[in-house]
Amino acid sequence: MKRVAYPKYKESGVPWLGEVPEGWEIKAIKWESHVQRGASPRPIDNPVYFDDDGDYAWVRISDVTSAGMYLESTEQTLSDLGSSLSVKMQPGSLFLSIAGSVGKPCITKIKCCIHDGFVYFPRWKGDARFLYYIFASGEPYKGLGKMGTQLNLNTDTVGGIVLGLPNPTEQIAIADFLDRETGRIDTLVAKNRTLVDLLKEKRIALISRTVIRGLPAAAAHEFGLELHTHFKDSGVEWLGEVPEVWEVKQLKWSIMFQRGHDLPTEKREEGTIPLVTSAGISATHSVAAAKGPGIVTGRYGTIGEFYLVEQDYWPLNTTLYSITTWGNDLVYLCYMLSHLKPLFLLNAVKSAVPGIDRNDIHTTMTTVPPLPEQTTIATYLDLETAKLDKLVEKVEAAVARLQEYRMALITAAVTGKIDVRQEAA
(Lines give C-alpha, C1' and ligand atoms only; values in the text may rest on other atoms or scores of the structure.)
Protein backbone atom coordinates (compact mmCIF):
# COMPACT_ATOMS: atom_id res chain seq x y z
CA MET A 1 0.00 0.00 0.00
CA LYS A 2 1.06 3.61 -0.59
CA ARG A 3 1.86 5.33 2.69
CA VAL A 4 1.43 9.03 3.33
CA ALA A 5 3.96 11.59 4.52
CA TYR A 6 3.56 14.05 7.39
CA PRO A 7 1.93 17.40 6.51
CA LYS A 8 5.03 19.50 7.19
CA TYR A 9 8.77 18.86 7.56
CA LYS A 10 11.84 20.71 8.78
CA GLU A 11 15.54 20.21 8.12
CA SER A 12 17.22 18.27 10.94
CA GLY A 13 20.80 19.17 10.02
CA VAL A 14 21.70 15.50 10.54
CA PRO A 15 22.73 13.61 7.37
CA TRP A 16 21.12 10.28 8.27
CA LEU A 17 17.88 11.93 9.37
CA GLY A 18 17.42 14.48 6.61
CA GLU A 19 14.06 16.24 6.93
CA VAL A 20 11.89 15.24 9.89
CA PRO A 21 8.28 16.03 10.79
CA GLU A 22 7.85 19.60 11.99
CA GLY A 23 6.71 18.61 15.47
CA TRP A 24 9.65 16.29 16.22
CA GLU A 25 12.52 17.33 18.46
CA ILE A 26 16.14 17.01 17.33
CA LYS A 27 18.22 15.77 20.26
CA ALA A 28 21.37 13.80 20.99
CA ILE A 29 20.73 10.62 22.96
CA LYS A 30 22.76 11.94 25.88
CA TRP A 31 20.21 14.71 26.44
CA GLU A 32 17.48 12.11 26.90
CA SER A 33 19.56 9.71 28.98
CA HIS A 34 23.18 9.39 29.95
CA VAL A 35 24.82 6.31 28.41
CA GLN A 36 26.53 3.87 30.73
CA ARG A 37 28.56 0.70 30.26
CA GLY A 38 27.89 -2.63 31.84
CA ALA A 39 30.36 -4.29 34.19
CA SER A 40 31.49 -7.79 35.07
CA PRO A 41 33.21 -9.62 37.90
CA ARG A 42 36.86 -10.54 37.38
CA PRO A 43 38.10 -13.05 36.44
CA ILE A 44 34.88 -13.86 34.63
CA ASP A 45 35.64 -17.59 34.37
CA ASN A 46 35.69 -18.01 38.17
CA PRO A 47 32.85 -20.46 38.98
CA VAL A 48 32.07 -18.61 42.23
CA TYR A 49 30.31 -15.96 40.14
CA PHE A 50 27.81 -18.40 38.61
CA ASP A 51 24.81 -20.31 39.94
CA ASP A 52 22.38 -22.38 37.87
CA ASP A 53 19.60 -21.22 40.18
CA GLY A 54 20.66 -17.57 40.19
CA ASP A 55 18.09 -14.78 39.85
CA TYR A 56 19.95 -12.87 37.13
CA ALA A 57 20.83 -14.21 33.69
CA TRP A 58 24.37 -13.51 32.46
CA VAL A 59 24.33 -11.88 29.03
CA ARG A 60 27.14 -12.62 26.63
CA ILE A 61 27.59 -11.16 23.16
CA SER A 62 26.61 -14.53 21.67
CA ASP A 63 23.29 -14.44 23.55
CA VAL A 64 22.42 -11.09 22.00
CA THR A 65 23.69 -12.10 18.55
CA SER A 66 21.34 -15.08 18.48
CA ALA A 67 18.39 -13.18 19.99
CA GLY A 68 15.90 -11.18 17.99
CA MET A 69 14.33 -8.03 19.34
CA TYR A 70 13.88 -9.55 22.78
CA LEU A 71 16.24 -11.42 25.08
CA GLU A 72 14.30 -14.31 26.61
CA SER A 73 17.05 -16.64 27.81
CA THR A 74 20.82 -17.00 28.23
CA GLU A 75 23.13 -19.95 28.72
CA GLN A 76 24.28 -18.94 32.21
CA THR A 77 22.96 -17.30 35.38
CA LEU A 78 24.96 -15.44 37.98
CA SER A 79 25.28 -16.09 41.69
CA ASP A 80 24.36 -13.34 44.15
CA LEU A 81 28.05 -12.40 44.31
CA GLY A 82 28.39 -12.33 40.53
CA SER A 83 25.30 -10.18 39.99
CA SER A 84 26.42 -7.76 42.70
CA LEU A 85 29.58 -7.08 40.67
CA SER A 86 27.79 -6.57 37.36
CA VAL A 87 25.08 -4.18 36.09
CA LYS A 88 21.53 -5.40 36.65
CA MET A 89 18.87 -4.89 34.02
CA GLN A 90 15.12 -5.27 34.61
CA PRO A 91 12.58 -6.60 32.06
CA GLY A 92 11.73 -3.97 29.47
CA SER A 93 15.19 -2.36 29.51
CA LEU A 94 17.15 -1.84 26.30
CA PHE A 95 20.90 -2.29 25.91
CA LEU A 96 23.27 -2.11 22.96
CA SER A 97 26.35 -4.17 22.12
CA ILE A 98 29.56 -2.22 21.53
CA ALA A 99 31.81 -5.28 21.08
CA GLY A 100 31.53 -8.40 18.93
CA SER A 101 28.24 -7.82 17.09
CA VAL A 102 28.70 -4.07 17.34
CA GLY A 103 25.52 -2.02 17.30
CA LYS A 104 23.09 -4.87 18.01
CA PRO A 105 20.23 -3.64 20.25
CA CYS A 106 18.16 -5.87 22.49
CA ILE A 107 15.27 -5.47 24.92
CA THR A 108 15.38 -7.90 27.82
CA LYS A 109 12.30 -9.79 28.92
CA ILE A 110 14.15 -11.27 31.88
CA LYS A 111 16.21 -10.03 34.80
CA CYS A 112 19.78 -10.03 33.56
CA CYS A 113 23.27 -8.59 34.01
CA ILE A 114 25.39 -7.02 31.28
CA HIS A 115 29.16 -6.63 31.04
CA ASP A 116 31.21 -3.77 29.59
CA GLY A 117 30.66 -4.99 26.04
CA PHE A 118 27.23 -3.32 26.30
CA VAL A 119 25.87 0.14 27.01
CA TYR A 120 22.45 1.00 28.44
CA PHE A 121 20.22 4.03 28.93
CA PRO A 122 19.08 4.28 32.57
CA ARG A 123 17.04 7.49 32.19
CA TRP A 124 15.37 6.85 28.84
CA LYS A 125 11.72 7.84 29.28
CA GLY A 126 10.53 7.12 25.74
CA ASP A 127 9.34 3.84 24.28
CA ALA A 128 12.18 1.29 24.39
CA ARG A 129 10.89 -0.29 21.18
CA PHE A 130 11.17 3.02 19.32
CA LEU A 131 14.83 3.34 20.36
CA TYR A 132 15.37 -0.32 19.44
CA TYR A 133 14.09 0.24 15.91
CA ILE A 134 16.30 3.32 15.49
CA PHE A 135 19.38 1.24 16.30
CA ALA A 136 18.10 -1.76 14.31
CA SER A 137 17.87 0.38 11.17
CA GLY A 138 21.66 0.80 11.26
CA GLU A 139 21.29 4.37 10.00
CA PRO A 140 22.56 6.23 13.12
CA TYR A 141 25.93 4.48 12.81
CA LYS A 142 26.70 5.92 9.39
CA GLY A 143 29.84 8.00 9.58
CA LEU A 144 30.84 6.63 13.01
CA GLY A 145 33.23 4.01 11.63
CA LYS A 146 36.28 4.50 9.46
CA MET A 147 36.25 3.03 5.96
CA GLY A 148 37.41 -0.58 5.97
CA THR A 149 37.43 -0.90 9.76
CA GLN A 150 34.94 -2.26 12.26
CA LEU A 151 32.42 0.14 13.71
CA ASN A 152 33.76 1.49 17.01
CA LEU A 153 31.13 2.44 19.59
CA ASN A 154 31.55 3.72 23.14
CA THR A 155 29.49 5.76 25.58
CA ASP A 156 30.54 9.05 23.94
CA THR A 157 29.81 8.03 20.36
CA VAL A 158 26.46 6.46 21.28
CA GLY A 159 25.51 9.44 23.46
CA GLY A 160 26.39 11.80 20.63
CA ILE A 161 24.01 10.17 18.13
CA VAL A 162 21.36 12.71 17.19
CA LEU A 163 17.77 11.47 16.86
CA GLY A 164 14.48 12.80 15.62
CA LEU A 165 12.12 12.34 18.57
CA PRO A 166 8.32 12.42 18.35
CA ASN A 167 6.30 12.71 21.55
CA PRO A 168 5.96 9.52 23.69
CA THR A 169 2.46 8.72 22.36
CA GLU A 170 3.70 8.89 18.78
CA GLN A 171 6.75 6.78 19.63
CA ILE A 172 4.37 4.08 20.87
CA ALA A 173 2.28 4.35 17.68
CA ILE A 174 5.37 3.98 15.46
CA ALA A 175 6.64 1.03 17.52
CA ASP A 176 3.21 -0.66 17.38
CA PHE A 177 3.13 -0.22 13.60
CA LEU A 178 6.63 -1.65 13.20
CA ASP A 179 5.88 -4.55 15.53
CA ARG A 180 2.96 -5.54 13.35
CA GLU A 181 4.54 -4.96 9.94
CA THR A 182 7.95 -6.48 10.72
CA GLY A 183 6.11 -9.43 12.28
CA ARG A 184 4.31 -10.01 8.98
CA ILE A 185 7.56 -9.75 7.04
CA ASP A 186 9.36 -12.07 9.47
CA THR A 187 6.59 -14.65 9.03
CA LEU A 188 7.05 -14.53 5.25
CA VAL A 189 10.83 -14.78 5.62
CA ALA A 190 10.45 -17.80 7.92
CA LYS A 191 8.12 -19.53 5.44
CA ASN A 192 10.54 -18.90 2.59
CA ARG A 193 13.49 -20.17 4.62
CA THR A 194 11.52 -23.31 5.44
CA LEU A 195 10.91 -23.74 1.72
CA VAL A 196 14.65 -23.37 1.05
CA ASP A 197 15.37 -26.05 3.65
CA LEU A 198 12.81 -28.38 2.06
CA LEU A 199 14.28 -27.84 -1.41
CA LYS A 200 17.78 -28.58 -0.10
CA GLU A 201 16.50 -31.71 1.63
CA LYS A 202 14.84 -32.75 -1.62
CA ARG A 203 18.15 -32.26 -3.44
CA ILE A 204 19.97 -34.47 -0.93
CA ALA A 205 17.24 -37.14 -1.15
CA LEU A 206 17.34 -37.06 -4.96
CA ILE A 207 21.09 -37.66 -5.03
CA SER A 208 20.98 -40.36 -2.37
CA ARG A 209 18.14 -42.25 -4.04
CA THR A 210 19.77 -42.09 -7.47
CA VAL A 211 23.28 -43.20 -6.45
CA ILE A 212 21.78 -46.15 -4.52
CA ARG A 213 18.86 -47.22 -6.73
CA GLY A 214 19.63 -45.81 -10.17
CA LEU A 215 17.45 -43.65 -12.42
CA PRO A 216 13.66 -43.51 -11.95
CA ALA A 217 11.53 -45.08 -14.69
CA ALA A 218 10.80 -41.90 -16.68
CA ALA A 219 14.45 -40.82 -16.68
CA ALA A 220 15.69 -44.29 -17.58
CA HIS A 221 13.35 -44.27 -20.58
CA GLU A 222 14.42 -40.74 -21.57
CA PHE A 223 18.13 -41.61 -21.44
CA GLY A 224 17.70 -44.99 -23.13
CA LEU A 225 18.71 -47.07 -20.11
CA GLU A 226 17.09 -50.30 -19.08
CA LEU A 227 15.18 -49.79 -15.84
CA HIS A 228 16.56 -51.80 -12.94
CA THR A 229 14.00 -54.37 -11.84
CA HIS A 230 16.25 -56.84 -10.01
CA PHE A 231 17.91 -55.81 -6.77
CA LYS A 232 20.20 -57.47 -4.27
CA ASP A 233 20.92 -56.96 -0.60
CA SER A 234 24.04 -54.80 -0.38
CA GLY A 235 24.96 -56.27 3.00
CA VAL A 236 25.23 -52.69 4.29
CA GLU A 237 22.38 -51.53 6.51
CA TRP A 238 22.29 -47.92 5.40
CA LEU A 239 22.53 -48.85 1.70
CA GLY A 240 19.83 -51.54 1.71
CA GLU A 241 19.01 -53.07 -1.68
CA VAL A 242 20.92 -51.96 -4.78
CA PRO A 243 20.66 -52.85 -8.49
CA GLU A 244 21.78 -56.43 -9.04
CA VAL A 245 24.39 -55.54 -11.66
CA TRP A 246 26.07 -52.87 -9.54
CA GLU A 247 29.16 -53.58 -7.48
CA VAL A 248 29.26 -52.94 -3.75
CA LYS A 249 32.79 -52.42 -2.50
CA GLN A 250 35.00 -50.35 -0.30
CA LEU A 251 35.61 -46.77 -1.35
CA LYS A 252 39.34 -47.35 -1.75
CA TRP A 253 38.71 -49.63 -4.74
CA SER A 254 36.98 -46.80 -6.62
CA ILE A 255 38.90 -43.72 -5.51
CA MET A 256 41.92 -42.81 -3.42
CA PHE A 257 42.26 -39.79 -1.13
CA GLN A 258 45.73 -38.26 -1.45
CA ARG A 259 47.12 -35.40 0.59
CA GLY A 260 48.02 -32.21 -1.22
CA HIS A 261 51.67 -31.40 -1.79
CA ASP A 262 53.43 -28.52 -0.10
CA LEU A 263 55.13 -26.24 -2.58
CA PRO A 264 57.59 -23.75 -1.03
CA THR A 265 56.93 -20.13 -1.90
CA GLU A 266 60.23 -19.82 -3.71
CA LYS A 267 59.15 -22.56 -6.12
CA ARG A 268 55.87 -20.90 -7.02
CA GLU A 269 56.49 -19.16 -10.29
CA GLU A 270 54.27 -17.59 -12.91
CA GLY A 271 52.99 -20.38 -15.09
CA THR A 272 49.89 -22.04 -16.46
CA ILE A 273 48.93 -24.43 -13.66
CA PRO A 274 46.67 -22.93 -10.95
CA LEU A 275 47.26 -23.77 -7.32
CA VAL A 276 44.27 -25.18 -5.43
CA THR A 277 44.11 -24.61 -1.67
CA SER A 278 41.41 -25.20 0.92
CA ALA A 279 40.33 -21.61 0.19
CA GLY A 280 39.85 -22.26 -3.54
CA ILE A 281 41.81 -21.75 -6.74
CA SER A 282 44.62 -19.27 -6.22
CA ALA A 283 45.46 -16.49 -8.63
CA THR A 284 49.09 -17.49 -8.15
CA HIS A 285 50.32 -20.01 -10.68
CA SER A 286 52.88 -22.78 -10.48
CA VAL A 287 55.13 -24.43 -13.02
CA ALA A 288 54.81 -27.74 -11.13
CA ALA A 289 53.47 -30.77 -12.95
CA ALA A 290 49.70 -30.83 -13.24
CA LYS A 291 47.41 -33.35 -11.54
CA GLY A 292 44.78 -33.14 -14.28
CA PRO A 293 41.05 -32.54 -13.69
CA GLY A 294 39.87 -34.04 -10.44
CA ILE A 295 38.05 -33.69 -7.13
CA VAL A 296 39.34 -31.93 -4.02
CA THR A 297 38.06 -31.77 -0.45
CA GLY A 298 39.32 -30.27 2.78
CA ARG A 299 40.95 -32.47 5.42
CA TYR A 300 39.90 -30.06 8.16
CA GLY A 301 37.33 -27.32 8.64
CA THR A 302 34.62 -27.76 6.00
CA ILE A 303 34.27 -31.52 6.12
CA GLY A 304 32.42 -33.46 3.46
CA GLU A 305 32.30 -30.76 0.79
CA PHE A 306 33.64 -31.92 -2.57
CA TYR A 307 34.64 -29.72 -5.49
CA LEU A 308 35.17 -30.70 -9.09
CA VAL A 309 38.23 -29.03 -10.66
CA GLU A 310 37.68 -29.26 -14.40
CA GLN A 311 41.20 -28.29 -15.42
CA ASP A 312 44.80 -29.16 -14.65
CA TYR A 313 45.73 -28.06 -11.15
CA TRP A 314 48.26 -28.45 -8.36
CA PRO A 315 46.85 -29.40 -4.90
CA LEU A 316 48.77 -27.05 -2.63
CA ASN A 317 49.62 -28.10 0.95
CA THR A 318 48.40 -30.96 3.08
CA THR A 319 45.25 -29.27 4.39
CA LEU A 320 43.28 -30.82 1.55
CA TYR A 321 42.88 -34.10 -0.26
CA SER A 322 42.98 -34.54 -4.00
CA ILE A 323 41.02 -37.59 -5.09
CA THR A 324 42.32 -40.12 -7.59
CA THR A 325 39.33 -41.48 -9.50
CA TRP A 326 40.86 -44.53 -11.21
CA GLY A 327 38.81 -44.25 -14.38
CA ASN A 328 35.41 -43.56 -12.81
CA ASP A 329 33.21 -40.66 -13.91
CA LEU A 330 34.31 -37.49 -12.07
CA VAL A 331 30.85 -35.90 -11.84
CA TYR A 332 29.22 -39.14 -10.68
CA LEU A 333 31.87 -39.50 -7.98
CA CYS A 334 31.17 -35.97 -6.74
CA TYR A 335 27.51 -36.87 -6.29
CA MET A 336 28.34 -40.21 -4.73
CA LEU A 337 30.75 -38.59 -2.27
CA SER A 338 28.24 -35.89 -1.32
CA HIS A 339 25.82 -38.70 -0.48
CA LEU A 340 28.44 -40.08 1.91
CA LYS A 341 28.89 -36.73 3.71
CA PRO A 342 27.09 -37.85 6.93
CA LEU A 343 29.57 -40.73 7.28
CA PHE A 344 32.53 -38.39 6.80
CA LEU A 345 31.14 -36.05 9.46
CA LEU A 346 30.67 -38.99 11.82
CA ASN A 347 34.29 -40.03 11.34
CA ALA A 348 35.52 -36.45 11.66
CA VAL A 349 34.30 -36.04 15.26
CA LYS A 350 36.35 -39.03 16.40
CA SER A 351 39.45 -36.84 16.39
CA ALA A 352 40.43 -34.16 18.90
CA VAL A 353 40.71 -31.80 15.92
CA PRO A 354 37.81 -32.65 13.57
CA GLY A 355 39.12 -33.77 10.23
CA ILE A 356 38.98 -36.52 7.65
CA ASP A 357 41.40 -39.41 8.10
CA ARG A 358 41.60 -41.31 4.82
CA ASN A 359 42.34 -44.55 6.66
CA ASP A 360 38.91 -44.29 8.28
CA ILE A 361 36.94 -43.48 5.15
CA HIS A 362 38.69 -45.70 2.60
CA THR A 363 36.88 -48.70 4.09
CA THR A 364 33.43 -47.09 3.62
CA MET A 365 31.16 -49.30 1.50
CA THR A 366 29.56 -47.74 -1.56
CA THR A 367 27.83 -48.62 -4.82
CA VAL A 368 29.65 -48.59 -8.16
CA PRO A 369 27.56 -48.74 -11.36
CA PRO A 370 29.20 -49.55 -14.73
CA LEU A 371 31.03 -46.52 -16.15
CA PRO A 372 28.45 -45.69 -18.89
CA GLU A 373 25.68 -45.69 -16.29
CA GLN A 374 27.78 -43.48 -14.00
CA THR A 375 27.98 -40.91 -16.78
CA THR A 376 24.23 -41.07 -17.46
CA ILE A 377 23.40 -40.72 -13.76
CA ALA A 378 25.73 -37.72 -13.57
CA THR A 379 23.99 -36.06 -16.52
CA TYR A 380 20.56 -36.70 -15.00
CA LEU A 381 21.56 -35.33 -11.60
CA ASP A 382 23.14 -32.26 -13.21
CA LEU A 383 19.81 -31.47 -14.85
CA GLU A 384 17.61 -32.18 -11.84
CA THR A 385 19.78 -30.50 -9.20
CA ALA A 386 20.09 -27.44 -11.45
CA LYS A 387 16.28 -27.09 -11.36
CA LEU A 388 16.26 -27.29 -7.57
CA ASP A 389 19.22 -24.92 -7.28
CA LYS A 390 17.41 -22.38 -9.46
CA LEU A 391 14.34 -22.57 -7.22
CA VAL A 392 16.51 -22.11 -4.13
CA GLU A 393 18.16 -19.10 -5.76
CA LYS A 394 14.76 -17.52 -6.50
CA VAL A 395 13.46 -18.08 -2.98
CA GLU A 396 16.66 -16.75 -1.40
CA ALA A 397 16.42 -13.67 -3.65
CA ALA A 398 12.84 -13.18 -2.40
CA VAL A 399 14.10 -13.41 1.20
CA ALA A 400 16.77 -10.80 0.45
CA ARG A 401 14.13 -8.45 -1.02
CA LEU A 402 11.90 -8.90 2.02
CA GLN A 403 14.78 -8.11 4.36
CA GLU A 404 15.70 -5.03 2.34
CA TYR A 405 12.07 -3.87 2.47
CA ARG A 406 11.99 -4.52 6.23
CA MET A 407 15.02 -2.29 6.81
CA ALA A 408 13.65 0.42 4.51
CA LEU A 409 10.30 0.37 6.30
CA ILE A 410 11.95 0.69 9.73
CA THR A 411 14.13 3.57 8.55
CA ALA A 412 11.20 5.38 6.93
CA ALA A 413 9.09 5.07 10.09
CA VAL A 414 11.70 6.12 12.69
CA THR A 415 12.85 9.10 10.60
CA GLY A 416 9.28 10.29 9.92
CA LYS A 417 9.39 9.82 6.15
CA ILE A 418 6.03 8.06 6.44
CA ASP A 419 3.16 8.87 8.79
CA VAL A 420 1.95 5.61 10.32
CA ARG A 421 -0.19 7.02 13.14
CA GLN A 422 -3.51 6.17 11.49
CA GLU A 423 -2.31 2.70 10.47
CA ALA A 424 -1.12 2.03 14.00
CA ALA A 425 -4.50 3.10 15.34
Inset, instruction - Check whether at least one residue in region 166-186 is assigned by TED's automatic domain parsing to the domain that holds Gly13, surrounded by 12 or more Cβ atoms within 10 Å (Cβ to Cβ) and among the hydroxyl-bearing types (Ser, Thr, Tyr), and report yes or no. - result: no
Inset, instruction - Within region 377-387, identify whether any single residue is in the same structural domain as Gly298 (by TED's automatic domain parsing), acidic (Asp, Glu) and in contact (Cβ under 8 Å) with a residue 12 or more places away in the chain, and answer yes or no. - result: no
Legend entry - Conditions (1) of a type in the set (Lys, Arg); (2) out of contact with any Gly (no Cβ under 7 Å at 6 or more places or on another chain); (3) modelled with pLDDT of 70 or more; number of the one not met by Lys341: (2)
Legend entry - Subset of region 226-273 [modelled with pLDDT of 80 or more and charged (D, E, K, R)]: Glu226, Lys232, Asp233, Glu237, Glu241, Glu244, Glu247, Lys249, Lys252
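Go over the candidates Val4, Val20 one by one and state the one that is under 30 Å from Val420 (Cβ atoms) and assigned by TED's automatic domain parsing to the domain that holds Phe130.
Details: Val4 fails: assigned by TED's automatic domain parsing to the domain that holds Phe130.
One residue alone meets the criteria, Val20.
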Inset, instruction - Taking Glu396 as the residue in question, decide whether it is of a type in the set (D, E, K, R) and closer than 30 Å to Ala175 by Cβ. - result: yes
Legend entry - Only listed residue being within 30 Å of Ile174 (Cβ to Cβ) and free of Cβ contacts under 8 Å to residues at least 12 places away in the same chain, chosen from Trp31, Trp16: Trp31
Inset, instruction - Give the residues of region 115-129 that are in contact with a Gly (Cβ under 6 Å, 6 or more places away or on another chain) and either of a type in the set (Asp, Glu) or part of a loop (DSSP other than H, G, I, E, B) (or both), sorted by residue number. - result: His115, Asp116
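Can you confirm whether Thr108 is under 21 Å from Thr77 (Cα atoms) and either in contact with a strand residue (DSSP E or B) (Cβ under 9 Å, 6 or more places away or on another chain) or modelled with pLDDT under 95 (or both)? Can you show your working first?
On the way: under 21 Å from Thr77 (Cα atoms): yes; either in contact with a strand residue (DSSP E or B) (Cβ under 9 Å, 6 or more places away or on another chain) or modelled with pLDDT under 95 (or both): yes.
Against the criterion (under 21 Å from Thr77 (Cα atoms) and either in contact with a strand residue (DSSP E or B) (Cβ under 9 Å, 6 or more places away or on another chain) or modelled with pLDDT under 95 (or both)), Thr108 qualifies.
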Legend entry - Checking Ala386 against (1) part of a helix (DSSP H, G or I); (2) in contact with a helix residue (DSSP H, G or I) (Cβ under 9 Å, 6 or more places away or on another chain); (3) of a type in the set (Gly, Ala, Ser), the condition it does not meet: (2)
Legend entry - Which numbered condition Val189 fails, given (1) surrounded by fewer than 18 Cβ atoms within 10 Å (Cβ to Cβ); (2) more than 30 Å from Pro140 (Cβ to Cβ): (2)
Legend entry - Subset of region 208-221 (residues that are of a type outside the set (Lys, Arg) and surrounded by 13 or more Cβ atoms within 10 Å (Cβ to Cβ)): Ser208, Thr210, Val211, Ile212, Gly214, Leu215, Pro216, Ala219, Ala220
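Inside region 345-380, can you point out the residues that are assigned to a loop (DSSP other than H, G, I, E, B), at pLDDT 90 or above and surrounded by 13 or more Cβ atoms within 10 Å (Cβ to Cβ)? Break it down stepwise before answering.
Filtering region 345-380 for residues assigned to a loop (DSSP other than H, G, I, E, B) gives 349-354, 356-357, 362-364, 369-370.
Of the ones still in play, those that are also at pLDDT 90 or above are 369-370.
Pro369, the sole residue that qualifies.
The values are calculated or read from the model by the stated rules, or taken from the named source; none is laboratory data. In this text, all values refer to a predicted model and were calculated from it rather than measured experimentally. In this analysis, Cβ positions are derived from the backbone assuming ideal geometry, glycine residues included, and neighbour counts consider all displayed protein chains.
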